[in-house]
Amino acid sequence: MRRWLEMMDPIGIKRLMKRKEPADEVPVVRDAEKPKFSKRLIPQKRGFLWASLSVPVLFLLFFFYGIGRDRYQVRSDVVVRKAGQDSSSAALGLGNLLGGGNQGSLEDSRYLSTYLKSPQVLEDLEKQFDFRKTYAQKGLDPFAGLWLPSSREEVYRMFKKQVVIRLDEGSGVMRITTLGFNADSAMRLNQILNQQAEIFVNRLNQDVYRKQLAFAEKQVIDNLEKVEKASVALQSFQQDRKLFNAQSEAELGGGLIAALETELAKQKVQLATVRRQFLDPQAPEIRQLEDQVAELQRQVASERQALVSPAGRNLPAEAAELASLEADLTFKSELYKASLTAAESTRIDSLKQQRFLAVLSKPLKPDDPWQYWRHKGFFTTIAVFLVGFALTKFLLGMAESHRN
């Protein structure tokens, strides 16, 4: 019977059995009877969350738009140009000024952009106005300005923060932007940077092209001195040897010998004719002709000896030395002409390759403060704060879930 009842109603029997055993009873707490602490804590957490978010936001809002020091911005646009252009790129116009015709000056523009933020520019700038005093810390903003006294490195870092150089690689236009805590300082700083840019471009021309021209002109002077020395050496040789033209002297000596040999040949023919006419070989006519032939032979031999013998005139050696001196003079003359051509070409190229600074947009003194830095700083700081807050909450939530 009991087994049948259990099969029919096992839940009820178990409930009866539990009632008979009080030690096994477990109190059941219903949802309605649970404490409502969690529901009461939710508004408190929300209030704390809003407070933790609103307080930093209000502080940043008060800092950037209240105690933040005013800043003024001045901008100017310049471009480095060549004084001359090739015939293929000599077309005038604003497109050529800002376009591909300026590709050769981009390298100089890069050098200039680096130079304008160098310590040397800061030194030249401090000679014209007191940078430390102008950009000294004032007011409640602790991040704006230099704290006095400040080191040289701090002044240089402050200087680089106030100067922004942007170079457009496509057009070659360089934008110089300066910041200041008042309109006059920002304007003055921009004007000085434009002056330093022009000085740099002029110095670049002087250091490169003028040095090349000076070298070419020095070569002209040196080669002219060499020509003068070679000419003096040639004239001295000609005066000492009484030799004006070796070829003419050789032709003259050769002509004399040729004439003597011609006359000798005639005398020999005449001697042979006379010998056939007279039977006595010692006849006076024959003896006279033989003496003439012998004299002509001695004279020819003497002229030949005088022409080529070192003891005589030694015309071949003199001719060789004269030719060497003339060749040296010719070579140095050609070298002098080449140096003249090179100097003139360098001078023309230096004029064509000279750079100048063209100001496309002059600096304009601002009337109102520059507000962009306030908006950018405020919203950037808020974004960083929110990201950090969300990340911190996420990490804390993960840690709490791991503990549970």
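The values are calculated or read from the model by the stated rules, or taken from the named source; none is laboratory data. Remember, predicted model here, so these are calculated numbers, not experimental data. Cβ: placed from backbone, ideal geometry, glycine included. Neighbour counts: every protein chain shown. Please note that ligands, DNA and RNA were not included when accessible areas were found on the heavy atoms of the full protein model with its side chains. Shrake-Rupley method; radii C 1.70, N 1.55, O 1.52, S 1.80 Å.
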* Pairs, first in contact (Cβ under 8 Å) with a residue 24 or more places away in the chain in the stretch 140-157, second β-branched (Val, Ile, Thr) and surrounded by 12 or more Cβ atoms within 10 Å (Cβ to Cβ), C-beta under 6 Å, six or more apart -> Leu140/Ile67; Asp141/Ile67
* Give the residue, chosen from Ala272, Ala233, that is hydrophobic (A, V, I, L, M, F, W, C), touching a helix residue (DSSP H, G or I) at 6+ places or on another chain (Cβ under 8 Å), at pLDDT 75 or above and farther than 28 Å from Thr346 by Cβ. => Ala233
* Asked: Looking only at the stretch 369-404, which residues are outside any helix (DSSP H, G or I) and under 38 Å from the mean Cα position of the chain (by Cα)?
  -> Pro369, Trp370, Gln371
* Asked: Could you count how many residues in the stretch 378-404 are open to solvent by less than 70 Å² (accessible area, probe 1.4 Å) and within 17 Å of Phe62 (Cα to Cα)?
  -> 5
* Return the only residue of Phe62, Phe129, Phe143 being exposed (fewer than 15 other Cβ atoms within 10 Å of the Cβ), in a helix (DSSP H, G or I), modelled with pLDDT under 90 and not β-branched (Val, Ile, Thr). => Phe62
* Among residues of the stretch 361-373, those that are at pLDDT 85 or above and open to solvent by less than 60 Å² (accessible area, probe 1.4 Å), counted -> 3
* Mind checking whether some residue in the stretch 173-186 is farther than 20 Å from Lys365 by Cα and surrounded by 14 or more Cβ atoms within 10 Å (Cβ to Cβ)? -> yes
* To do: Determine which single condition Ala358 fails, assuming it passes every other condition in (1) touching a helix residue (DSSP H, G or I) at 6+ places or on another chain (Cβ under 7 Å); (2) open to solvent by less than 40 Å² (accessible area, probe 1.4 Å); (3) small (Gly, Ala, Ser); (4) at pLDDT 85 or above.
  => (1)
* Residue pairs meeting the criteria (Cβ under 9 Å; at least 6 apart or on separate chains; first farther than 16 Å from Ser113 by Cβ, in the stretch 199-210; second aliphatic (A, V, I, L, M) and modelled with pLDDT under 75) -> Asn205/Ala83; Tyr209/Leu351
